[in-house]
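Please read the structure below before turning to the comments.
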Amino acid sequence: MTRNENLQNWVDGVAELTRPDQVHWCTGDQAEYEALVEEMLESGVFLPLNAETHPGCYLHRSDPGDVARVEHLTFVCTSEQDDAGPNNNWMQPAEAHAKMRGLFDGCMEGRTLYVIPYCMGPIDSPLARCGVEITDSPYVVVNMRLMTRMGSAALARIEREGTFVRGLHSIGELDPERRFIMHFPEELMIQSYGSGYGGNALLGKKCHALRIASYQARTEGWLAEHMLIVGIENPQGETHYIAAAFPSACGKTNLAMLIPPPGYEGWKVWTIGDDICWMRPGEDGRLWAINPEAGFFGVAPGTSEDTNPNALAMLNRDAIFTNVAETADHQPWWEGLKTGDPALDWKGRPFEKANGPAAHPNSRFTVATKQCPSYSEAAEAARGVPISAIVFGGRRERLVPLVMESDSWAHGVLMGSAMASETTAAATGAVGVVRRDPMAMKPFCGYNFADYWQHWLDMGQKVSNPPPIYNVNWFRKDGEGKFMWPGFGENMRVLEWIIERSKGQVAAQESPIGKLPVDEGINARGLDLQPSVMQALLEVDPEAWSQELAEVRAYLESYGDRLPAGLIAELERVTSNLAT
Ligand code: GTP
Ligand code: SPV
Ligand code: MN
């Protein structure tokens with residue numbers, strides 16, 4: 001029940017259409033959470049994990065056909081197809097509404113309809129935005145409680161402000177043939193049917209905080225980005241915040257909570273967010289950012305005491321594991337964990353190598369951000385944190401250097417729009433194929449990329465002191481297919497260079513495609529890295545880059561008339577740099 005008439009009418013209308021047995025308004029309190037957990041343990045949606053090693057932790061095995069985002073079934077339904085752009089699947093709003101109405105008709109019979117009021121961002125932040133998700137999945141409710149500020153406080157803000165994003169979700173029959181993730185940005189509405197998984201079902205995350213929010217951000221003059229936010233405190237006690245966009249499963253969670261390597265005594269890393277960043281120009285002429293989320297929905301495989309000790313430390317209590325494997329004594333297990341052995345695989349079968357990996361490659365953990373040892377109270381700051389540098393990066397075996405700095409904001413926007421990355425298990429479809437993924441937003445931009453790039457260019461004008469923009473690549477491989485750069489905690493060395501550069505404290509060398517570290521510019525002390533490997537990591541192959549820029553041009557030009565002239569001008573500048 002609510003005194004916001006629009007919300008009450010919407011819930012009543014949805015209940016009439018979907019015909020649930022009961023309607024439950026979520027308060028977000030602990031008793032509610034525990035009751036839902038009990039109910040899911042009884043129904044088998046949750047399986048208990050070892051209560052001694054992992055108190056408050058549960059395993060969820062999703063339907064084996066429902067383990068990742070489904071980009072081919074995700075639509076942006078604007079009145080004009082051009083407003084959604086070539087980067088999105090599009091359906092006419094009326095047609096999409098009719099299709100979804102058919103699917104939702106009676107779909108909650110025998111189920112409970114949960115109303116989840118939530119706030120993306122600190123509850124008292126002017127940068128935060130509210131939404132309401134209606135779902136028939138108790139798994140979604142408990143995940144949303146960890147991932148967002150959910151319940152009574154959010155409802156109170158909605159009743160005060162009157163505005164909210166509407167998200168309607170049903171797991172339906174989990175039939176991939178009856179699965180759609182629809183966005184109606186003009187109506188601030190999301191409708192998702194037929195999947196219970198992550199970004200398809202936890203509507204506050206990718207659907208609201210990226211697709212709908214990016215659309216709102218453009219009209220309101222801010223940015224909603226697929227970025228982590230991390231604070232780096234130097235031994236002098238000065239903290240610089242970096243926002244970094246990498247595509248799905250390309251290292252955001254890891255970078256957001258890295259532990260500095262030996263040699264960095266006195267440095268501290270502070271985690272603000274690991275996936276989404278909302279940024280707005282502040283009165284001081286800088287960009288200020290909040291993490292709209294309150295939890296992590298992180299990739300499990302590859303997480304270990306060596307790679308990401310902070311993540312392991314937060315995962316031994318009050319966490320939900322989805323599609324991981326289990327040891328014989330019911331501890332969660334995944335490839336790369338390095339301790340224990342899998343007894344049951346992610347489907348619950350006795351583990352056999354012949355069946356493939358024990359944990360699904362896109363298996364995930366859900367946990368409150370506050371449980372991370374490097375969590376920063378600054379994540380609660382209503383005005384956000386000031387951003388000192390923006391970083392773009394992808395997963396590129398070849399070509400792209402370890403780090404480079406853009407010559408200007410516009411050049412940085414070009415770097416972002418020219419991003420490409422090898423696909424990962426975070427979405428269904430082929431893995432390891434290089435595809436263009438501008439700003440790591442290909443699956444998440446709620447409108448035409450051409451307009452989005454113009455918006456990015458405009459933001460550079462609106463902010464009097466915009467942060468410098470960088471490009472990184474942790475994923476270069478050698479002739480034997482091995483990663484050349486050690487990555488993980490060692491990425492601190494690159495972040496140090498970025499911060500020093502942003503303060504104008506170290507020199508760089510010019511290259512046709514951007515500024516690079518000088519010899520020994522990246523601190524490699526204590527690293528077992530041949531100087532020739534470091535050189536190779538920073539080399540620029542003019543011929544290969546000419547080829548790359550030709551591909552970038554063809555890609556950008558596929559956006560036609562709406563492509564910003566400023567972006568093409570920048571591309572032409574870099575192309576001619578390369579030629580001379
Ligand atoms: P989403 O949650 O899908 O948006 O992913 P993400 O960008 O947060 O990626 P995450 O940090 O979870 O890393 C994904 C995978 O990349 C994991 O298996 C990591 O172990 C691996 N990874 C992360 N950082 C590095 C790195 O610096 N080097 C290498 N080689 N692998 C890394
Ligand atoms: C991603 O795929 O980028 C994720 C996971 O962060 S999901 O919530 O499924 O989108
Ligand atoms: Mn993500």
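Quick note: the coordinates plus some simple rules give every number you see, no bench work behind them. Here the structure is a predicted model, which is why all the values come from computation and not from measurement. Neighbour counts are summed over all protein chains in view; Cβ atoms, including those assigned to glycine, are modelled from backbone coordinates with ideal geometry.
At-a-glance table
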quantity: Under-5 Å amide H pairs with Phe392, H placed in peptide plane, nonlocal only; calculated: Ala245, Tyr470, Asn471, Val472
quantity: Partners for Lys338 among lysines (Cα-Cα distance below 20 Å; same-chain residues under 8 apart left out); calculated: Lys353, Lys482
quantity: Debye log10 I(q)/I(0) for the range 295-371, one point scatterer per Cα, at q = 0.19, 0.26, 0.27 Å⁻¹; calculated: -0.72, -1.27, -1.35
quantity: Projected-area mean, the range 1-159, by convex hull of Cα positions, square nanometres; calculated: 12.0
quantity: Cα-only radius of gyration and Dmax that characterise the range 138-236, units Å; calculated: 15.8, 57
quantity: About the Cα centre, charge dipole magnitude for the range 316-370 (Lys/Arg +1, Asp/Glu -1 at Cβ), debye; calculated: 200
quantity: 0 to 90° range, to nearest 10: angle between helix 152-161 axis and the chain longest Cα axis; calculated: 80
quantity: Estimated FRET transfer efficiency (Ala35, Glu557; beta-carbon r; R0 51 Å; 0.05); calculated: 0.35
quantity: Residues of type aspartates and glutamates that Lys370 reaches as a straight line, Cα spacing below 18 Å, ignoring anything fewer than 8 places off in the same chain; calculated: Asp29, Asp124, Asp274, Asp275, Glu293, Asp318, Glu380
quantity: For the range 169-191 and the range 138-164, distance of Cα centres in Å; calculated: 19
quantity: Projected label distance in nm at Arg3 and Gln505, using a 7 Å step from Cα toward the beta-carbon; calculated: 5.3
quantity: Inter-probe distance in nm under a simple model that places probes 7 Å from Cα toward Cβ, at Lys99 and Asp458; calculated: 3.0
quantity: Debye, to nearest 20: dipole size of the chain, +1 on Lys, Arg Cβ, -1 on Asp, Glu Cβ; calculated: 340
quantity: Residues of the range 518-560 with amide N under 15 Å of the 7 Å Cα→Cβ point at Asp478; calculated: 527-538
quantity: All-pairs alpha carbon distance profile, the chain, 10 Å steps from 0, percent; calculated: 3, 18, 29, 28, 16, 5, 1, 0
quantity: Angle in degrees between helix 30-43 and the longest Cα principal axis of the chain, rounded to the nearest 10; calculated: 80
quantity: Spatial separation of Cα centroids for the range 208-269 and the range 517-580, in angstrom; calculated: 23
quantity: Estimated FRET transfer efficiency when R0 is 56 angstrom, pair Gln92-Gln535 (beta carbons, to 0.05); calculated: 0.55
quantity: Overall dimensions of the range 482-580 as given by Cα atoms, namely Rg and Dmax in Å; calculated: 16.6, 51
quantity: Cα-based radius of gyration of the range 25-66 once divided by 2.2 N^0.38 Å, which approximates compact folds; calculated: 1.30
